[in-house]
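Beneath this line is the structure, given in structure tokens, with notes to follow.
The values are calculated or read from the model by the stated rules, or taken from the named source; none is laboratory data. Please read these numbers as outputs of a predicted model, since none were measured by experiment. All Cβ positions, glycine included, derive from the backbone under ideal geometry; neighbour counts span all protein chains shown. When the accessible area is computed, the model is the full protein with side chains, heavy atoms only, and any ligands, DNA or RNA have been set aside. Shrake-Rupley method; radii C 1.70, N 1.55, O 1.52, S 1.80 Å.
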Amino acid sequence: MADDLFKALADGTRRTILDELTEKSGQTLFEICARLSMKHELGISRQAVSQHLAVLEAAGLVETRREGRYKFHDLNVTPLRHITERWLDPPAPAPKKEPS
């Protein structure tokens, strides 16, 4: 799982998509494309954005839900918490047993 997470975060466009979902979760593909185009001046196709979203979803960073004919994308920060806890808040080592 960590490999998928780091792969997803390695790409600047995917990080920008995450920034946009941080600002406003629950966006459709159309909304994400519009924000990337207008706010970040990224000339990227809907298909490319969809592929980036698939990578983010595979890493667990984006969750989707359908309402009618619309598909909404929501940010999921749980995988990031697992990574930060791994290194920033590791479990305390078990106490060593003294020889009897």
Partners for residue 39 among lysines (Cα-Cα distance below 16 Å; same-chain residues under 8 apart left out)
24
Once phi for every residue in region 11-19 is put through the Karplus expression 6.51 cos²θ - 1.76 cosθ + 1.60 (θ = phi - 60°), the whole-Hz ³J(HN,Hα) values, with Gly and Pro written as x, are 9, x, 5, 5, 5, 5, 4, 4, 4
Loop sites only, by DSSP: take the trypsin sites (Lys or Arg not before Pro) in the chain that have at most 12 other C-beta atoms within 10 Å and name the longest stretch containing none of them.
25-68
Carbon and sulfur %, accessible surface of the chain computed with the full protein complex present, 1.4 Å:
53
Can you tell me the dipole magnitude for region 60-100 around its Cα centre, using point charges on the Cβ only (Lys, Arg +1; Asp, Glu -1), in Debye to the nearest 20?
180
Residue by residue, what Karplus-based ³J(HN,Hα) values in Hz, rounded to whole numbers, does region 70-81 have, using 6.51, -1.76 and 1.60 with θ = phi - 60° and x for Gly and Pro?
9, 10, 9, 10, 10, 6, 10, 8, 4, x, 5, 5
